[in-house]
Structure formats: structure tokens, C-alpha cells
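Worksheet: the structure to be examined is printed underneath.
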Amino acid sequence: MTVIYLLCVVLPVVAVLFQILWRPLTLHRQWRASLKTYLFDLDYLNKDIFSCLLQPEYVDNIYLFERRIHLQKIQCLRSLHRLREVVGSIERRNTDKEYLYSSWLNQLEGLFSNMLDYSQLRRRVTDYTTFSVCSQEFAGILQAMDGLFECISSCDREKLDMQVQALKNQIYRLEENYHHVLQIASREPLPFLLFIDSLNTFCMNMEGCCRYEFTQAA
Amino acid sequence: MNLLKRLESFDFMQTMTIVSAVLIALVVNSYYAFSHGYWMVLSALMVTQTTRGMPTRQGMLLLMMLVLAVISSSLVTENIRSINIIDVVLSVMFATCVFTAWFAFARSSKPYLYTSLYLMLIMIAIVSSGSSDHAMPGRILDIIIGAMIGMICSGWLLPVKWDQTFKSDTLPILEAMSEYSQVLSNYLFSPMQYAAMMKAKRYQLEDILLDQYPNWVYEVGFNRGLRSGFRYFLIHVEQMIETLFAMEQIAAQPLDPALLNNLYAAITQVMQVNSELLAFLIEYFSNKKHQATTSDYTSDVDELEKVLQQIVPGNLELLDLSPHYLALTALVRDMRDVRHLLLKLVFSLQ
């Protein structure tokens with residue numbers, strides 16, 4: 001019975017006391033943990049979006065792929081909600097860094113909208129065989145984005161420039177493909193142009209997020 | 001009207017199902033209980049705690065869990081004689097139960113939820129009196145009777161009206177979308193002035209998606225006749241939300257005001273017709289009569305595209321000369337997509 005008493009009463013009381021005492025120090029840690037989760041969820045959402053473009057089964061199993069995207073979107077929204085709560089707590093404490101966190105949050109919210117923007121390609125292109133023309137470029141972009149997310153999550157400054165450059169190179173390759181192949185071969189070239197533009201905006205936003213990350217780390 | 005709606009809502013119906021199942025189980029338990037506990041009542045209570053999609057399947061799953069918990073508790077009490085070791089086992093179970101319940105809450109995960117429920121039931125079975133091998137058959141019989149009462153109540157007495165439930169679950173999403181779309185049409189032309197309101201409406205829509213999205217439509221084994229129609233509708237609603245969020249993202253970028261002003265009349269017209277279509281959907285889902293409209297739903301979008309072609313270069317190779325041209329083209333394309341999706345949704349109702 002002593003063990004149950006210890007688990008039920010003493011430990012929760014001690015945990016709550018520690019939470020209250022260490023709260024000021026834990027806010028930044030909470031932000032970091034929530035940010036990591038959010039980036040992780042975004043990375044998965046990105047993978048789900050690109051799986052629609054890369055896997056030919058998408059056409060026959062639209063409900064399955066869309067369901068996966070929906071679930072991942074919900075995860076992202078949940079993580080975003082958590083980030084907003086942490087920023088709310090920081091704002092209530094009136095620290096000098098509250099502005100930094102709220103603009104960082106805006107940038108992160110932008111990443112999510114940006115991702116939804118370029119995900120529209122899957123719906124806008126009706127002839128799915130067109131995707132096979134640029135599947136290598138899509139796979140390259142996905143890999144570069146994956147590396148970039150990993151880099152920001154682990155706060156790896158050395159690798160970051162390299163990853164950003166890798167992503168820019170992959171987008172450039174897709175752009176070249178668009179100018180030389182897709183514009184002629186595709187029945188609907190405009191969605192690809194908008195997709196490339198959205199990817200460029202995404203790359204820029206990611207760079208912005210990294211700047212916040214390293215300002216904070218410094 | 002509101003009271004009637006509440007009475008027809010799933011929450012109220014489920015509450016009534018639970019209350020009636022528990023009351024019937026209490027009466028039956030007092031006369032025909034095989035064990036001396038309240039396992040029949042507990043079973044009826046548990047089996048009625050199902051979601052909308054597949055109550056019978058979930059009820060059977062919960063029944064199996066109850067039976068397994070009783071068998072497991074009997075195995076523990078029969079094989080472990082020392083009270084101190086049972087204390088330790090209970091403590092470990094309690095800690096695991098709290099941990100899994102926390103994870104189930106944090107991750108909205110069903111496996112964690114079921115694990116914590118299972119552990120909780122084992123603890124109840126161990127702590128309650130008469131948890132020996134002899135009590136096990138009586139308990140299992142009580143559980144089966146209780147589960148039958150629960151399933152009869154939820155399946156026949158007060159069954160789920162899926163069409164009504166779907167309507168009431170989708171309505172808040174459509175209403176939030178409509179409000180968001182209305183603010184977005186103002187935000188496009190004066191982003192600074194409407195930034196705070198835009199944010200508030202976006203958060204509201206996100207919260208509704210998080211809390212009220214009818215996920216039960218996707219449950220395994222859900223009515224085959226209804227599920228494709230419901231899923232079709234939900235997927236298109238989601239795609240529309242994606243497009244609206246993308247439009248907000250474009251509007252947040254610094255767009256050339258001179259170019260944008262040229263499109264003002266056409267964009268306003270398109271957004272207004274979009275609002276009309278959304279209002280039609282909302283009226284349909286709230287069982288109201290729809291007002292007739294004069295729009296043909298296509299000419300305004302054609303007009304918008306015509307105006308755009310006069311402003312931006314028609315040649316695709318020249319389009320990426322300026323980011324403003326691309327942003328405006330993307331915006332108009334989004335508007336066309338929203339219209340297309342809205343029309344699909346409206347036609348799907350017929």
C-alpha cells in the first residue's frame with residue numbers, strides 16, 4: 001500500500017512543485033520540443049504529399065492517400081496549436097523575446113500554408129502519367145526537403161547551407177525540366193509553373209525559419 | 001428549434017442510450033446476477049461508449065476486453081499468493097495505466113486508450129472481492145448479459161441516424177469556412193486592416209477541424225452504402241480548405257496594389273458567388289429552404305480570367321518575369337479551383 005500511496009500522492013505533488021519552480025526555464029524547452037514535433041509532422045505531411053505525385057497507385061486509391069494527408073494535416077495543426085500555447089505563455093510572461101517567438105510562429109504557420117499550396121498539384125493535373133516525366137526531380141526535391149527538416153530539427157548550422165543549396169538545385173532541375181519537357185509534353189503546364197513558384201517560396205520561408213532558429217541559439 | 005436539434009444530436013442520443021442501458025442492466029443485475037458484483041452494469045456502460053461509425057464492432061471489441069480482463073485478474077490472484085507482490089503488480093499496472101492514458105490523450109491514439117482501459121479493468125477485477133477462480137464464470141456471464149443489453153440499446157432502441165449526424169458534424173465546418181472565406185475576400189485587398197480578423201477566423205476553422213471533424217466516416221467497417229458519398233464530400237471540403245489557406249498565403253505576400261486593383265471588381269464578384277454557394281450548402285445541411293439565385297456560376301470566373309489575361313502576359317514563358325504576375329495567376333487559379341470544388345459539392349447533394 002505504501003508503494004501505491006507513493007505513486008498516487010507523493011510523486012504527483014513533487015512533480016507539480018518542480019513544474020512550478022522550473023516553469024520559467026522550461027518554456028524555451030517546451031518551445032523546442034513542440035517545434036521539433038511540428039517539424040517532424042511537417043516532414044511527414046510533405047512525404048505524404050509527394051507520395052501522391054510519385055506513386056502511380058494514387059489514381060486508384062485516392063481516398064487512402066487523401067486520408068493519410070488528412071491525418072498528417074491534423075497532426076500538424078495539433079502541433080501548431082501547442083506552439084501557439086507556448087507562445088501565449090511566453091507573451092504572458094512579458095519577456096523581451098516575445099516578439100521574436102511570435103514572428104517565428106508566423107513563419108512556421110506560413111510553412112504549413114505553403115505546403116498546402118504546392119500540394120494542389122496532385123488535384124490540378126488530371127493526366128497523372130505526366131508525373132512520370134519529372135518523377136526523378138520530385139524524388140530529389142523530397143530528399144532535399146527531408147534533409148533540410150532534419151537539419152533544422154537538430155539545429156545543425158554547418159549542414160544547413162548545404163541542404164538549402166541542395167534543395168535550390170533540385171528545384172532548379174525541375175524548372176529546367178519544366179522549360180524543356182513539361183511545357184511541351186504536359187496538357188496543363190500552368191500548375192507545374194505554380195508548383196515551382198510555390199516551392200521557391202517554401203525554400204525562402206525555410207531559410208527564414210532557420211534564421212530565427214540560429215538567432216535564438218546564439 | 002434549437003432544443004429539437006439538441007434532442008436529435010448524437011451526444012444526446014448516446015447519453016440516453018447509456019442511461020437506459022445502465023438502468024436496464026441495474027434492474028437485471030439485481031434479480032439475475034451470477035456474481036455478486038456489478039459486472040453487468042459495468043459491461044453495459046462500457047459497451048455503449050462507442051463512436052458513431054461502427055458501434056457493434058466496437059462493442060464486441062470492448063466485450064472481449066472485459067472478458068480478457070476478468071480472466072487475467074483471475075490468473076494473477078490464483079498464481080500470486082503474497083499480498084505484497086500483488087501490491088507491487090497493482091502499482092506497476094497503475095503507473096502503466098496513467099502513462100498510457102496520458103499518451104492516449106496526447107496522441108489521440110486508440111491502442112493506448114484500449115491498453116489503459118484494459119489495465120484499469122484488471123485492477124478493478126483484482127481489487128473487487130471474490131476475484132478467485134470460482135467467481136470467474138459468473139462474472140463472464142454477467143459481462144455477456146450486460147454487453148447484450150448495451151448493444152441492444154445502442155443498436156435498436158436508439159440507433160445512430162448517420163445522415164443527421166453527418167449533417168450536424170459537417171455544418172460547423174461549412175459555417176467556419178464561409179466566415180473565413182468572407183474575411184479572406186476583404187483581406188485580399190487590405191491585408192493590414194484585416195490581419196487580426198483573418199488570423200482569428202483561421203484559428204476558429206482549425207479548431208473546428210481538430211475537434212469536430214467527422215472522423216467516424218473513415219472507421220473500418222462503416223456502412224458501405226453511405227461511406228463513399230460521405231468521404232467524397234469530406235475530401236472535397238478539405239481540398240477547398242487547402243485552397244483557401246493557400247489563397248491566404250498568397251494574399252500575405254506583398255502584391256502590386258495597382259495590378260490587384262484592376263482585378264478588384266472581378267474578384268469581389270467571384271468571392272460573392274462563392275459565398276452564395278457556401279450559403280446554399282449551409283442551408284441544405286441545416287434543413288432550411290434555399291433562396292433562388294440569378295448567377296450561372298461560370299461567367300464570373302471566365303470574366304476574372306479575361307481581366308487577368310489583360311494584365312499579365314498570356315505567354316507562359318513570360319509569366320515568371322515578375323513574381324507579382326505569378327502570384328496573381330496563382331490567386332485566380334485558386335479561385336477557379338474553389339468554384340470548381342464548390343460546384344462539385346453542390347452537385348453531389350442532388
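No lab work stands behind these numbers, since they all come straight from the coordinates. Everything numeric here is computed off the predicted structure, so don't read it as measured data. Every residue, glycine as well, gets a Cβ built from its backbone with ideal geometry; the counts of neighbours run over all protein chains shown.
So here's what we get for this one:
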quantity: Debye intensity ratio in log₁₀ form over the Cα atoms of segment B:230-350, taken at each q of 0.16, 0.22, 0.23 Å⁻¹; calculated: -0.81, -1.29, -1.36
quantity: Helix axis angle, B:323-348 relative to chain B longest principal axis, alpha carbon, degrees; calculated: 50 degrees
quantity: Translational diffusion coefficient (Stokes-Einstein; Kirkwood radius from C-alpha pairs) of chain B at 37 °C, 0.692 mPa s, in µm²/s; calculated: 135 µm²/s
quantity: Residue-averaged [θ]222 nm for chain B, counting only DSSP H segments that reach four residues, each worth -39500 (n - 2.57); calculated: -26500 deg cm²/dmol
quantity: Where trypsin sites (Lys or Arg not before Pro) fall in DSSP loop in segment B:241-310, at most 16 other Cβ within 10 Å; calculated: B:Lys288, B:Lys289
quantity: Point-to-point label distance, B:Ser286-B:Ser30, nm (Cα→Cβ direction, 7 Å offset); calculated: 4.5 nm
quantity: In segment B:51-98, trypsin sites (Lys or Arg not before Pro) in a DSSP loop with at most 10 other beta-carbon atoms within 10 Å; calculated: B:Arg81
quantity: Top positive-direction residue, dipole computed over chain B with Cβ charges, set B:Val28, B:Val88, B:Ala246; calculated: B:Val28
quantity: Dimensions in Å of segment B:142-267 - Rg and Dmax from alpha carbons; calculated: 21.0, 76
quantity: Using alpha-carbon coordinates, inclination of helix A:189-217 to the longest axis of chain A, degrees; calculated: 30 degrees
quantity: Footprinting exposure proxy for B:Ser178, B:Ser299 (fewest neighbouring C-beta atoms within 10 Å first); calculated: B:Ser299, B:Ser178
quantity: Using a Förster distance of 35 Å, the FRET efficiency for B:Lys167-B:Tyr297 (Cβ separation, nearest 0.05); calculated: 0.90
quantity: Shielding by partners, peptide B:242-252 (average Cβ within 10 angstrom, other chains); calculated: 6
quantity: Of every Cα-Cα pair in chain A, the percent that sits beyond 26 Å; calculated: 45 percent
quantity: Cβ charges +1 (Lys, Arg) and -1 (Asp, Glu), total dipole of the protein assembly as shown, debye; calculated: 1560 debye
quantity: Charge dipole (segment B:251-350, unit charges on Cβ, about Cα centre) - positive-most of B:Pro257, B:Gln350, B:Ser275; calculated: B:Gln350
quantity: Computed magnitude of the charge dipole of chain B (debye, nearest 20; Cβ of K, R +1, Cβ of D, E -1); calculated: 1020 debye
quantity: Size descriptor, Kirkwood hydrodynamic radius, that averages inverse alpha-carbon separations across segment B:53-99, Å; calculated: 12.5 Å
quantity: Lysines whose Cα lies under 29 Å from that of B:Lys288, excluding same-chain neighbours fewer than 8 positions away; calculated: B:Lys5, B:Lys161, B:Lys167, B:Lys201, B:Lys344
quantity: Segment B:20-150: projected area of the alpha-carbon convex hull, averaged over directions, in nm²; calculated: 7.9 nm²
quantity: Cα lying deepest toward the dipole's positive end in the protein assembly as shown, options B:Phe12, B:Met148, B:Met54, charges on Cβ; calculated: B:Met148
quantity: Estimated [θ] at 222 nm from DSSP helical runs (n ≥ 4, -39500 (n - 2.57)) normalised by residues in chain A, nearest 500; calculated: -27500 deg cm²/dmol
quantity: Pairs of Cα atoms farther than 24 Å apart, segment A:102-218, %; calculated: 29 percent
quantity: Helix B:264-285 vs. chain B, principal-axis angle (Cα, 0 to 90°, nearest 10); calculated: 30 degrees
quantity: Inter-chain Cβ neighbour average for residues A:188-197, partner chain, 10 Å; calculated: 4
quantity: Calculated log₁₀ intensity ratio I(q)/I(0) where the Debye formula runs over C-alpha points of the protein assembly as shown, q = 0.06 Å⁻¹; calculated: -0.40
quantity: Top of A:Pro189, A:Pro56, A:Pro12 by mean-square fluctuation, Gaussian network on chain A, Cα under 10 Å; calculated: A:Pro12
quantity: Listed residues A:Val13, A:Val181, A:Val125, most fluctuating in chain A (Gaussian network, C-alpha, under 10 Å); calculated: A:Val13
quantity: Lys, Arg +1 and Asp, Glu -1 on Cβ, resulting dipole of segment B:149-284 about Cα centre, debye, nearest 20; calculated: 280 debye
quantity: Those trypsin sites (Lys or Arg not before Pro) in segment A:115-218 that DSSP places in a loop and that have at most 14 other beta carbons within 10 Å; calculated: A:Arg187
quantity: For residues of A:70-82, the mean tally of beta carbons on other chains within 10 Å; calculated: 3
